[in-house]
1. How much net charge surrounds HIS264 when only the other residues with a Cβ under 9 Å from the Cβ of HIS264 are counted, with Lys and Arg +1 and Asp and Glu -1?
2. Mind listing P(r) for region 61-230? All alpha-carbon pairs, 10 Å bins, whole percents.
3. In deg cm²/dmol and to the nearest 500, what is the mean residue ellipticity at 222 nm of the chain if only DSSP H runs of at least 4 residues count, each as -39500 (n - 2.57), divided by the residue total?
4. Could you work out how far helix 103-116 tilts from the main Cα principal axis of the chain, as a 0 to 90 degree angle to the nearest 10?
5. Which three extents, in whole angstrom, do the alpha-carbon atoms of the chain cover along their principal axes, largest first?
6. Through the Karplus equation 6.51 cos²θ - 1.76 cosθ + 1.60, θ set to phi - 60°, convert the phi angles of region 191-197 into ³J(HN,Hα) values in whole Hz; use x for Gly and Pro.
7. Any idea what angle helix 167-178 forms with the longest principal axis of the chain, computed on alpha-carbon atoms, 0 to 90 degrees, nearest 10?
8. Using only alpha-carbon positions, what ratio does the radius of gyration of region 129-201 give when scaled by 2.2 N^0.38 Å?
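Where a number appears in this text, it was derived from the coordinates with a stated rule and is not lab data. All values reported here derive from a predicted model rather than from experimental measurement. All Cβ positions, even for glycine, are placed from backbone atoms using ideal geometry, and neighbour counts span all protein chains on display.
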Amino acid sequence: MLFEAMDDHGEAMFTVETIRSLLEAKQAKGGEIAIMYRTNAQSRLLEEAFFQSRMPYRLVGAQRFYGRQEVKDMIAFLRTVQNPADEVSLLRVINLPPRGIGDKTLQDLRTAADQAGVRMGSLLLDLGTRQDSSTYWNILSGRAASALAAFGALLVNWRELNQSILLPELFERILKDTNYQEYIMDASDVGYSRWENVQELLRMAYEYSQVGLVGFLENLALVSDQDTLPEKSEAPTLLTLHAAKGLEYKVVFIVGLDEGLLPHRRSMEDPEEMAEERRLFYVGITRAKDHLYLVRADQRRNYGSFDYSVPSRFLEDIPEKLIHRAGVQYRHYSTPSKPSSIPRWNSAPEKKKKETAKQTAQFSAGMHVHHAALGNGIVIQSKLQGDDEIVTVAFDQAGLKKLSAAIAKLEIV
């Protein structure tokens, strides 16, 4: 089955509710079912769907989303901003990334706070506000006072900003002020995966823009409780396609079958990496012994807005006679008189449209472009629509976007 959900939340809920139906009908045991995806960050919505459905699950090759180091780091920063008296969170982030606040400086901070009869957070806020005019400055050594006052100044500023800007802006400001991306990103796939987890938490923060920091943290306290639940060996398994090699399951779900996810956006300009993405998809398909569900989303939440998705080009490789289509896109694909508003990579008519577009289109797949607000990206697809050209671009930071060439003013680089 190829199921096309309305959005990424629907994608997760369809997957979990279908698993519930399979279990209730005794068509499969929990341990015989697997959900596979391209990146670890994709597990968040699936984990939340399992949690909301009160169903157990297990992860292979990764920690649960809210237990990942980088996710816990960012939550600790936000908790410290909301409540500087939360010393567990404060001590986690005070020297993160390293800023010269070692064990000796922390001990000096504790001692000074005890002598003054105040919380460490209160002392830091005073140092951050008054600097060397603070009554606590001379209690500390010069080096310790300077390092602590610098962090205190950051904390003071974040708390002030929290009163005037939206949660996502605060989140991004913390990332910028701490150089956290540079701290976790290196040339390895692990570093990139960790940054994707941070970006996934930021996407969640956008969903709470109007609720604010307190509401966001209260929700995190609820959903992160799942990290304390024991995993059961007979529960459905969540794992990446990389981790699935050599394993087999009676029922397999492959989710996120959209351009930019599978194939991953980083493979778009490298033929060898694209071939590896295709092999990963093949690995996932061949893990299923009896039943295979291919799942994608018509739209995905992306930093406060919905972006239309483009179906993965790998779906072309599957003969149409083997696919049972279901979900929101079913009519688009089955009724010629109602063509899909979402460009597809398959079908002969589409190829003809592409050939026509090449004669007058300004952009084509593979081009490197720059957008004033979204940054650099690679063109995935371009299609003429009336007098305009609709360009699908995989941006390095902003993800997959569908833009009007007449409005977006993309520059070819």
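1. Residues close to HIS264 contribute a combined charge of +1.
2. 10, 37, 33, 18, 3, 0
3. Calculated mean residue ellipticity at 222 nm is -13500 deg cm²/dmol.
4. So the inclination is approximately 60 degrees.
5. The Cα atoms of the chain stretch 77, 55, 37 Å along their principal axes.
6. Calculated HN-Hα couplings, in order: x, 5, 5, 5, 5, 4, 5 Hz.
7. So the inclination is approximately 60 degrees.
8. Ratio of Cα Rg to 2.2 N^0.38 Å: 1.43.
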